[in-house]
Each structure stands twice: as C-alpha cells, then as structure tokens.
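Let me begin by presenting the structure, written as structure tokens, before commenting on it.
Nothing in this text is a laboratory measurement; each read-out follows from the coordinates by a stated rule. Only a predicted model underlies this, so the values are computations on that prediction, with no experimental measurement involved. We place every Cβ from the backbone using ideal geometry, glycine too, and count neighbours over all the protein chains shown.
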Amino acid sequence: MIFVDQLNRKLRLKKTPKRIISLVPSQTELLVDLGLEDLVVGVTKFCVHPQHLRKEKTVVGGTKQVNIQKIEALHPDIILCNKEENTKDMIGELDLIAPVHISDINNLDDCFNLIERYGELFEVSAKASEIINGILKERKLFHNKITSYEKYKVAYFIWKKPWMVAASDTFIDYMIHDAGYINVFQSEKRYPEIDLNCPELNDVDSIFLSSEPYPFKQKHVLELKAQFPKKNIEIVDGELFSWYGSRLQKSYRYFESLYMSE
C-alpha cells in the first residue's frame with residue numbers, strides 16, 4: 001500500500017499500521033479520539049491529552065529530541081511527525097526505523113485533510129468524518145453568533161526573553177482571524193521578536209499571552225499591565241489556538257467565551 005503525507009512524501013506500507021509512535025501532542029490526541037489509543041505505543045513528554053496516556057505508553061522524548069534506541073525497541077509500524085514541531089535531522093534518523101508520516105498545517109483545510117488521511121491510513125474514515133463534521137458544526141454556530149460583533153485588534157504573545165508574537169504564515173494567525181480578531185502583526189512573518197515599545201502595541205485592544213509554549217502566568221499580566229494600563233491583557237488557552245485535530249471541537253466555544261470577557 002502506498003500513502004502520501006502532507007509533504008507529498010510516499011510511504012510504502014505492507015499492512016495497516018498497528019504500532020504507532022506519535023511525536024506531536026495534538027496528533028496524539030487525535031489518534032485517541034479516532035479510537036486508536038490501543039495502537040499507540042510511543043508518545044512525547046508533551047502529549048498531555050488524555051492525561052493518563054504518558055503513564056500507559058512509552059515516553060520517547062520531546063518534539064525536538066527523542067531517544068532513538070527507545071523508538072527502535074518499540075518496533076513501530078509508523079511514526080507520526082510534523083514539519084514545524086519536529087526537526088529535519090530527527091526525521092532523517094526516524095526514516096531508518098519505520099515509515100514517517102509528516103503533517104504540514106497552515107489552516108483548517110490542512111487540518112481536515114490530515115484527519116481524512118489518518119482515517120484512510122488507519123481504516124477509521126467514518127470516525128474521521130464525524131470529527132470533521134463536529135468541528136464544522138461548532139465553527140458555523142460560532143460564526144453565526146459573531147456576525148455583529150466588533151473585530152478587536154490583538155497581539156498574540158508566544159514567548160518572553162525575547163518577546164515573540166505569532167504573525168502571518170502560522171496556524172495560530174489563521175485561528176486568530178477565524179476567531180474574529182485582527183492580528184496587529186499580520187504584516188510580519190512567522191514568530192518575530194518584538195520590542196514592547198513598537199507602534200503595533202499602541203494600536204491593540206487586547207494583548208493575549210498564550211499558555212504555551214511559554215508558560216505565561218498572572219505575574220506577566222501584571223508586568224505588561226504596568227506598561228499598558230488601558231489595554232485588556234489576559235492569558236489565553238494556547239492549545240485552543242494552536243492544536244489542530246480533534247481539540248478544534250472545543251476551540252469555538254472558547255473563542256465565544258473570550259468575546260464575553262472583552
């Protein structure tokens with residue numbers, strides 16, 4: 001059987017994979033929601049959903065560094081990676097162990113395409129369609145509710161020391177706009193470092209501090225509030241802005257709750 005991943009790499013498989021290693025947290029959760037938990041043999045230390053998974057499966061490392069010997073010992077049929085979260089060098093090593101399927105996510109269409117590919121790859125297409133339809137239903141309900149809402153301008157911080165924000169050409173930026181906001185850094189690319197004195201921050205209605213990858217806390221809200229006393233500054237759930245896959249079913253109700261807090 002020949003399958004193609006989202007980088008158009010061909011994977012040759014003798015049978016439907018029964019031993020899966022996932023090196024991407026959002027994709028690990030997707031596998032579980034597709035009903036494939038029993039087939040997952042290896043995960044990363046960041047695969048926190050569902051919570052029990054890291055106790056029951058072998059943790060093989062993080063998303064940037066893994067224990068190759070542990071992975072080899074698990075005898076995987078397939079290893080699931082992501083272009084942005086995993087490194088090229090790592091994928092080169094993993095290719096010598098088992099077929100590697102790489103995702104490349106920039107928007108919702110890419111998300112749906114990945115879910116569909118997993119449905120075909122693991123023979124769970126009906127469940128994949130159910131998840132996609134669930135996301136689309138929540139998205140439609142949310143968009144119908146916000147048609148009359150004001151579009152607030154936001155800055156979405158992902159890191160401190162240096163300060164970094166999500167800009168264009170990122171899935172986070174796509175979700176910021178899908179949530180009904182305007183990203184004041186949309187003229188920038190990827191994840192630029194910024195100065196807190198930059199003019200864009202004078203123009204924002206809200207400053208969002210993502211709960212990941214940097215673990216922003218209430219002390220950081222207070223720190224920025226001292227410099228921007230008239231701005232709305234809050235910690236937002238980074239998973240619901242950046243995790244593609246089945247977690248998107250929860251994103252749109254969360255976005256609605258953010259509007260209620262503005």
>> With +1 assigned to the C-beta of every Lys and Arg and -1 to the C-beta of every Asp and Glu, and no other charges, what is the dipole magnitude of the chain about the Cα centre in debye, to the nearest 20?
In response: 480
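How would you classify the range 2-104 from its alpha-carbon gyration tensor, with a ≥ b ≥ c the square roots of the eigenvalues: rounded for a/c under 1.5, else prolate if a/b is greater than b/c, otherwise oblate?
In terms of gyration-tensor shape, rounded.
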>> Output wanted: per-residue J couplings in Hz (rounded whole) for the range 78-83, from phi through Karplus 6.51 cos²θ - 1.76 cosθ + 1.60, θ = phi - 60°, x for Gly and Pro.
In response: 7, 10, 9, 10, 9, 4
> Counting other C-beta atoms within 10 Å, which of M1, M260, M90 has the fewest, and how do the rest follow?
Replying inline: M260, M1, M90
> Once the Cβ-Cβ distance between F3 and S168 is put in as r, and R0 is 25 Å, what FRET efficiency do you end up with, to the nearest 0.05?
Replying inline: 0.25
>> Using a 7 Å offset from the Cα along the Cα-to-Cβ direction at both I97 and S148, what is the distance between the two label points in nm, to one decimal?
In response: 5.5
>> Out of the chymotrypsin sites (Phe, Trp or Tyr not before Pro) in the range 53-149, which ones are loop residues according to DSSP with at most 14 other C-beta atoms within 10 Å?
In response: Y149
>> Counting only helical runs of four or more DSSP H residues, what would the 222 nm mean residue ellipticity of the chain come to if each run contributes -39,500 (n - 2.57) and the total is spread over all its residues?
In response: -11000 deg cm²/dmol
>> What aspartates and glutamates does K160 reach when the alpha-carbon gap must be under 13 Å and sequence neighbours fewer than 8 apart in one chain are set aside?
In response: E193, D195, E212, E223
> Which order results if L96, L36 are arranged by neighbouring Cβ count within 10 Å, fewest first?
Replying inline: L96, L36
> For I235 and K219 in one chain, what is 0.36 nm times their gap in residues minus the Cα-Cα distance, to one decimal in nm?
Replying inline: 4.7 nm
> Do any of K151/K225; K151/K250; K127/K153; K45/K250 go past 29 Å between their Cα atoms, and which?
Replying inline: K127/K153
>> Could you tell me how far the Cα centroid of the range 70-138 sits from the Cα centroid of the range 240-258, in Å?
In response: 19
> Tell me, T28, T58 in order of fewest to most beta-carbon neighbours within 10 Å?
Replying inline: T58, T28
> Per the Kirkwood formula on distinct C-alpha pairs, the Rh of the chain is how many angstrom?
Replying inline: 19.5
>> For a Förster distance of 22 Å, can you work out the FRET efficiency between the beta-carbons of L141 and Q186, rounded to the nearest 0.05?
In response: 0.30
